[in-house]
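Chemist: Let me give you the structure first, and then I'll get to my questions.
The values are calculated or read from the model by the stated rules, or taken from the named source; none is laboratory data. Since the model is a prediction, treat every value here as computed from it, not as a measurement. Cβ: placed from backbone, ideal geometry, glycine included. Neighbour counts: every protein chain shown.
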Amino acid sequence: MKSIERRFKKVAEQNPNLGDYIVFAKAIAGQGFTKDRLARAFNKLVPKDDYAPGDKKELLAHLYDLNG
């Protein structure tokens, strides 16, 4: 089973200058995770102060597309 958190940590380690949202996007791109799994991992790994509360829905929609 692919671990989003493991991939996230690896990308973050390789790209220390990137923000958590971008690291998350790179970690899940093209991996085919379910929407539920993506949303749970997003909530766990991307701090709420990295995005405006009203933007969360749009950010997740973009991640679903990247995940494809």
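Chemist: Within segment 11-30, restricting attention to residues that are of a type in the set (A, V, I, L, M, F, W, C) and closer than 14 Å to residue 66 by Cα, which residue is surrounded by the most Cβ atoms within 10 Å (Cβ to Cβ)? Spell out how you get there, then give the answer.
Modeler: So in segment 11-30, the residues of a type in the set (A, V, I, L, M, F, W, C) come out as 11-12, 18, 22-25, 27-29.
Next cut, closer than 14 Å to residue 66 by Cα only: 22-25, 27-29.
On the way: 22: 15, 23: 22, 24: 26, 25: 19, 27: 23, 28: 24, 29: 14.
Of everything passing the filter in segment 11-30, 24 is surrounded by the most Cβ atoms within 10 Å (Cβ to Cβ).
Chemist: Just checking, which of 8, 33, 42 is surrounded by 14 or more Cβ atoms within 10 Å (Cβ to Cβ) and not in a helix (DSSP H, G or I)?
Modeler: On the way: 8 fails: not in a helix (DSSP H, G or I); 42 fails: not in a helix (DSSP H, G or I).
That would be 33, the only listed residue that is surrounded by 14 or more Cβ atoms within 10 Å (Cβ to Cβ) and not in a helix (DSSP H, G or I).
Chemist: For residues that are part of a helix (DSSP H, G or I) and either aromatic (Phe, Trp, Tyr) or touching an Asp or Glu at 6+ places or on another chain (Cβ under 7 Å) (or both), tally how many sit in segment 45-68. Explain how you work it out, then say what you get.
Modeler: As a first pass, look at segment 45-68 and keep what is part of a helix (DSSP H, G or I): 45, 48-50, 53-67.
Checking which are either aromatic (Phe, Trp, Tyr) or touching an Asp or Glu at 6+ places or on another chain (Cβ under 7 Å) (or both) leaves us with 45, 50, 64.
Residues flagged as part of a helix (DSSP H, G or I) and either aromatic (Phe, Trp, Tyr) or touching an Asp or Glu at 6+ places or on another chain (Cβ under 7 Å) (or both) within segment 45-68 amount to 3.
Chemist: Of the residues that sit in segment 52-68 and are over 20 Å from residue 3 (Cα atoms) and over 12 Å from the mean Cα position of the chain (by Cα), which one is modelled with the lowest pLDDT?
Modeler: The residue in question is 53.
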